[in-house]
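This report refers to the structure that appears directly beneath it.
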Amino acid sequence: MPLLKNGSIIIDDWITLGLDDPKPDSGDIVVPYARLLKEWESLTDHDGRLGVIFTNIDRVEALTLFLPRLALIVLPFPSFTDGRAYSLARQIRETGYGRELRAAGNVLPDQVQFMLQVGFDSFEIGDRFTAEVWLKASRQMSLAYQRGLYRTPGQHDVWSERHREAEPWLEQPHAG
Amino acid sequence: MYRYDEFDSQFVNDRVSQFRDQANRRLTGELSEDEFRPLRLMNGLYLQLHAYMLRIAVPYGSLDSAKLNTLAYIAEKWDRGYGHFTTRQNLQFNWIKLEDTADILAKLAEVEMHAIQTSGNCIRNVTTDQWAGAAADEIADPRPIGELVRQWSSLHPEFSYLPRKFKIAVTGSPNDRAAVRVHDIGLRLHLNDRGERGWEVLVGGGLGRTPVIAVTVRDFLPEHELIAYLEAIMRVYNLYGRRDNKYKARIKILVHEIGAEKFRAEVETEYARRPHADTKVEERELQRISAYFAAPQFEKLPRWSATFEEARAKNKDFANWVRTNIAAHRADGYAIVNISLKPEGGIPGDATADQMRVVADLAQRYSFDEIRVSHHQNLVLPHVKRDDLFAIWKVLQASELATSNIGLAGDIIACPGLDYCSLATARSIPIAQSISRKFADLNRQHEIGPLRINISGCINACGHHHVAHIGILGLDKKGEEFYQITLGGSSADSASIGTILGPGFAGEDVPEAIEKIVNTYLARRQPGEEFLAAYRRLGPQPFKEALYAAA
Ligand code: SF4
């Protein structure tokens with residue numbers, strides 16, 4: 001599946017493994033959370049980067065232990081109206097995790113800007129919409145009322161614009 | 001009245017262009033209806049039985065003449081010449097075309113209005129006391145906090161796809177007129193010994209299928225922590241609220257299922273571990289907003305107005321209107337005028353474009369250009385000189401806006417029901433109309449005294465029937481509409497949920513049933529005892545007997 005990342009569409013070079021798929025000797029692999037729990041000892045020694053596919057009902061606290069080794073966290077949208085992953089994404093970013101955070105499942109252009117704002121930085125996109133539609137949708141709103149969101153160029157938050165004379169607001173570093 | 005600065009304007013204008021683009025993509029078929037649905041809902045556009053309905057946000061129920069005149073303009077240009085004020089202090093147009101919606105939103109943006117988040121599973125328009133800033137009993141005006149919450153909740157990226165809709169109400173008065181106990185979150189202002197402001201945070205109240213009174217999770221939350229704490233509550237709800245059954249998805253069910261203690265613990269854990277710097281309520285921002293709500297420059301007037309007293313003594317109709325439709329203002333010589341949108345036999349909450357213009361004009365001339373929408377579906381002129389009351393009453397009278405029944409039997413709340421709403425199981429408007437005709441005699445209404453009758457056209461309870469003294473719920477049994485009656489509900493301070501009396505009634509028998517209930521009350525009340533107090537003293541038994549005995 002193609003990925004939307006940093007404003008362009010790229011090929012996903014991660015190898016996605018199911019619960020029982022044999023693990024290759026090297027290469028970047030991403031595994032379900034259940035497998036991470038079960039095979040942590042061997043996975044941590046894997047020759048290559050390691051990623052995890054989290055589910056909607058897992059708690060982020062449980063992930064803390066593994067975070068330093070992870071280079072990719074995939075959060076699922078079983079349907080685009082299921083908003084749990086927005087909160088999970090922010091919780092994960094609030095732990096200080098700075099590497100790739102990917103939205104998978106039912107991801108649609110009109111939700112991408114919200115996803116960027118809570119800290120996602122890559123998106124599994126189907127082939128239904130053109131790159132242009134994705135990019136346009138990802139910058140529909142130039143302002144956000146909330147502070148402390150992840151922002152893309154050209155996007156501002158109302159508070160900082162409104163109170164320019166105040167202490168400059170520390171930008172959240174954008175991951176990835 | 002809050003005024004947009006360049007950023008608020010830009011935000012709303014961006015939103016209009018975004019919606020124009022989304023609507024075009026729907027019209028060309030690029031977006032499926034399923035994909036478009038949540039997008040249009042978050043812009044207040046519903047698909048109803050016969051047409052689209054556009055619900056326009058009236059944040060915390062505040063309007064000025066420019067806004068109300070624009071609503072009148074929209075009613076005439078794009079709808080059928082009238083609009084419907086709702087129990088959430090909003091305005092609905094029932095006959096809208098998808099193709100016109102972006103133009104309507106652009107027109108609204110010109111007067112600093114929008115329809116953002118008036119529907120959908122997101123944080124809805126925040127509501128408050130319709131007498132905010134005017135009431136004699138108020139600790140402080142709740143609208144600055146209402147505006148702060150409006151901005152924070154607008155297109156919040158984390159909380160736009162919640163398990164279900166989410167409603168917040170704010171009150172700054174010890175006498176709760178905002179029904180904070182039956183909202184997903186209710187906020188209630190208190191002052192501590194040192195005169196500092198803090199907010200009591202109530203969570204998990206609601207009506208609908210499972211009416212619940214909210215529980216208090218914080219007694220006194222310092223004001224600068226308000227947004228951070230709301231975020232913690234919202235996050236717990238977003239993560240753990242049920243998504244498998246839409247009837248169990250409101251926060252009240254989560255609070256109920258895990259228990260108030262566990263819920264509070266989850267919120268506190270979430271709250272404690274979050275960085276709060278970016279959600280702190282900044283003093284400078286609160287001051288900026290509050291400045292817009294500074295009290296108008298009231299004249300120094302004597303408490304006693306000779307003009308007013310004379311008119312009242314001479315004109316009985318005016319005196320009656322004063323008795324029910326006028327409330328105490330905090331400034332001497334001023335009064336709060338409540339305009340009833342409940343004429344005999346009328347549709348509760350409907351106003352024609354002409355009526356809107358009349359009220360807008362009165363506000364401009366007599367009420368510092370302020371108008372409020374009440375959750376009882378009436379309008380309010382909050383700051384009127386007592387000297388001007390008689391002149392205002394005459395103008396209202398000429399436009400069928402002077403019915404003196406505020407808080408009485410004719411002041412019925414009714415949802416749109418089966419005449420418009422696709423979820424309805426029964427009609428509610430015709431029932432309201434027939435009850436209103438039954439109690440047409442205003443002298444009798446005054447004799448009966450305060451009485452709240454609310455009607456919902458289905459179990460979703462948009463008509464707030466659970467918290468009515470007399471609640472009426474329209475249901476469907478094998479294709480026949482029938483109506484269940486509840487007694488003893490209240491959304492005021494001592495909030496309570498009404499009790500079902502017994503088997504339901506056919507629509508045509510409802511007015512007679514209400515009459516019997518009222519007669520039972522009249523026969524048994526003690527001197528000065530209002531309906532609710534009498535019901536609480538007597539219990540349901542005598543009313544049951546009157547309704548079902550010898551049937
Ligand atoms: S109570 Fe039911 S019928 Fe009435 S507006 Fe709500 S959903 Fe529609």
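Every number here is computed from the coordinates shown, using simple stated rules; none is lab data. Only a predicted model underlies this, so the values are computations on that prediction, with no experimental measurement involved. Cβ placement follows ideal geometry from the backbone for every residue including glycine, while neighbour counts extend to all protein chains displayed.
Can you give me the C-alpha center-to-center distance between segment B:323-350 and segment A:7-80, rounded to a whole angstrom?
Using only Cα atoms to place each centre, the spacing works out to 63 Å.
Got a sec? How would A:Asp157, B:Asp317, A:Asp58 order by Cβ neighbour count within 10 Å, fewest to most? If you can, show how the numbers build up before the last one.
Working: A:Asp157 20, B:Asp317 12, A:Asp58 15.
Going from sparsest to densest Cβ surroundings: B:Asp317, A:Asp58, A:Asp157.
If one computes the Cα centroid of segment B:430-507 and of segment B:93-135, what distance in Å separates the two points?
28 Å
Just how large is the dipole of chain B about the Cα centre, in debye to the nearest 20, putting +1 at every Lys and Arg Cβ and -1 at every Asp and Glu Cβ?
1020 debye
Given contacts defined as C-alpha pairs under 8 Å and at least six residues apart, what's the relative contact order of segment B:394-549, whole-number percent? Walk me through the intermediate numbers first.
Numbers: 294 pairs, mean separation 27.0, N = 156.
Dividing the mean separation by the residue count of segment B:394-549 yields 17 percent.
For segment B:369-421, how big is the tail of P(r) above 16 Å, as a whole percent of Cα pairs?
Details: 780 of 1378 pairs.
Tail of P(r) above 16 Å: 57 percent of Cα pairs.
Using the Cα gyration tensor of chain B, with a ≥ b ≥ c the square roots of its eigenvalues, what is the shape: rounded (a/c below 1.5), prolate (a/b larger than b/c) or oblate (neither)?
Values: a/c = 1.28, a/b = 1.16, b/c = 1.11.
Since a/c stays below 1.5, the shape of chain B is classed as rounded.
Within 10 Å of each Cβ of A:108-119, how many other protein chain Cβ atoms are there on average? Kindly include the intermediate steps, with their values, before the conclusion.
On the way: counts 4, 4, 10, 6, 0, 3, 7, 1, 1, 4, 3, 2.
Averaged over the peptide's residues, the number is 4.
Which order do peptides B:202-212, B:290-300, B:163-173 fall in by mean Cβ count within 10 Å, highest first?
On the way: B:202-212: 21.9, B:290-300: 12.3, B:163-173: 24.2.
Ranking the peptides B:202-212, B:290-300, B:163-173 by packing returns B:163-173, B:202-212, B:290-300.
Would you mind computing, in nm to one decimal, how far apart the modelled labels at B:Leu49 and B:Ala66 are, each placed 7 Å from Cα along Cα→Cβ?
If labels sit at B:Leu49 and B:Ala66, their model points lie 3.9 nm apart.
Could you work out, residue by residue across A:85-93, how many beta carbons of other chains sit within 10 Å of that residue's beta carbon, and then give the average as an integer? Provide the component values of the computation, followed by the final result.
Values: counts 3, 10, 12, 4, 2, 6, 6, 0, 0.
Average per residue, whole number: 5.
At 7 Å along Cα-to-Cβ for each site, give me the label-to-label distance between A:Asp28 and B:Asn175 in nm.
Placing both labels 7 Å beyond Cα along the Cβ direction yields 6.5 nm.
Please compute the length gained on full extension between B:Glu545 and B:Arg273, using 0.36 nm multiplied by the number of residues separating them and subtracting their Cα-Cα distance. Numbers along the way, then the final one.
On the way: separation 272, 0.36 × 272 = 97.92 nm, distance 5.73 nm.
Between B:Glu545 and B:Arg273, full extension yields an extra 92.2 nm.
Add -39500 (n - 2.57) for each DSSP H run of 4 or more in chain A, then divide by its residues: what number comes out at 222 nm, to the nearest 500 deg cm²/dmol? Before the final figure, lay out the partial values.
On the way: 6 runs with 44 residues, N = 176.
Helix-only estimate at 222 nm: -6500 deg cm²/dmol.
Near B:Leu532, within a Cβ-to-Cβ distance under 12 Å, what is the net charge of the other residues, with Lys and Arg +1 and Asp and Glu -1? Write down the numbers at each step before the final one.
Values: positive: B:Arg452, B:Arg525, B:Arg536, B:Arg537; negative: B:Asp493, B:Glu529, B:Glu530.
Cβ neighbours under 12 Å give a net charge of +1.
Over 32 Å between Cα atoms: which of A:Lys136/B:Lys107; A:Lys5/A:Lys38; B:Lys252/B:Lys280; B:Lys262/B:Lys544; B:Lys165/B:Lys262; B:Lys97/B:Lys394 fall into that group?
Working: A:Lys136/B:Lys107 24 Å; A:Lys5/A:Lys38 30 Å; B:Lys252/B:Lys280 26 Å; B:Lys262/B:Lys544 40 Å; B:Lys165/B:Lys262 22 Å; B:Lys97/B:Lys394 37 Å.
Checking Cα-Cα distances, B:Lys262/B:Lys544; B:Lys97/B:Lys394 exceed 32 Å.
Can you grab the distance from the C-alpha centre of segment B:1-19 to the C-alpha centre of segment B:227-243, Å, no decimals?
After rounding, the separation between the Cα centres reads 27 Å.
Evaluate the charge dipole of the protein assembly as shown about its Cα centre and quote only its size in Debye, nearest 20, assuming +1 on the Cβ of each Lys and Arg and -1 on the Cβ of each Asp and Glu.
Numbers: 87 positive and 96 negative charges, 327 e Å.
Its charge dipole is roughly 1580 debye.
Which FRET efficiency value, to the nearest 0.05, do you get for B:Ala328 and B:Asp21 by plugging their Cβ-Cβ distance into 1/(1 + (r/R0)^6) with R0 = 41 Å?
Numbers: r = 50 Å, r/R0 = 1.21.
The pair B:Ala328/B:Asp21 has a calculated efficiency of 0.25.
Could you tell me the calculated FRET efficiency between B:Lys516 and B:Arg3, based on Cβ-Cβ distance and R0 = 41 angstrom, to the nearest 0.05? Write out the running numbers ahead of the final one.
Numbers: r = 52 Å, r/R0 = 1.26.
Efficiency, from the Cβ-Cβ distance: 0.20.
Compute the Cα gyration tensor for segment B:419-504, then decide on rounded, prolate or oblate, letting a ≥ b ≥ c be the square roots of its eigenvalues: rounded whenever a/c is under 1.5, prolate when a/b is larger than b/c in the other cases, and oblate in all that remain.
Working: a/c = 1.93, a/b = 1.30, b/c = 1.49.
The shape class here is oblate.
Given the Cα-Cα distance of B:Glu257 and B:Glu110 and 0.36 nm per residue of separation, how much length would full extension add, in nm? Walk me through the intermediate numbers first.
Details: separation 147, 0.36 × 147 = 52.92 nm, distance 4.53 nm.
So the chain would gain 48.4 nm between B:Glu257 and B:Glu110.
List the trypsin sites (Lys or Arg not before Pro) within segment A:48-130 that DSSP assigns to loop and that have no more than 15 neighbouring Cβ atoms inside 10 Å. Working shown, then result.
Details: sites: A:Arg49, A:Arg59, A:Arg69, A:Arg84, A:Arg90, A:Arg93, A:Arg99, A:Arg102, A:Arg128; in loops: A:Arg49, A:Arg59, A:Arg99, A:Arg128.
Sparse-neighbourhood loop trypsin sites (Lys or Arg not before Pro): A:Arg59, A:Arg99, A:Arg128.
Along the Cα→Cβ direction, 7 angstrom out, place labels at B:Asn443 and B:Arg284. What is the inter-label distance in nm?
Here the answer is 6.5 nm between the modelled labels.
Could you tell me whether the protein assembly as shown comes out rounded, prolate or oblate from its Cα gyration tensor? Rule is a ≥ b ≥ c as square roots of the eigenvalues, rounded for a/c under 1.5, then prolate if a/b exceeds b/c, otherwise oblate.
Numbers: a/c = 1.97, a/b = 1.73, b/c = 1.14.
Here the protein assembly as shown falls in the prolate category.
Report the antiparallel proportion of the DSSP beta bridges in the protein assembly as shown as a percent, rounded to a multiple of 5.
Numbers: 57 of 91 bridges.
Antiparallel bridges: around 65 percent, rounded to the nearest 5.
Cut-off is 10 Å between beta-carbons; in what order do B:Lys516, B:Lys438 appear when sorted fewest neighbours first?
Lowest count first: B:Lys516, B:Lys438.
Give the residue from B:Thr28, B:Asn94, B:Leu45 lying farthest towards the positive end of the charge dipole for segment B:6-110; charges sit on Cβ (+1 for Lys and Arg, -1 for Asp and Glu) and the dipole is referred to the Cα centre.
It is B:Asn94, whose Cα lies furthest towards the positive end.
Over all directions, average the projected area of the Cα convex hull of segment B:314-369 and note it in nm².
5.2 nm²
Can you pull out the cysteines in chain B that have no other Cys Cβ under 4.7 Å?
So far as the 4.7 Å Cβ criterion goes, B:Cys122, B:Cys421, B:Cys458 stand without a partner in chain B.
How far is helix A:84-94 tilted, in degrees, relative to the longest principal axis of the Cα atoms in chain A, given as a value from 0 to 90 rounded to the nearest 10?
90 degrees
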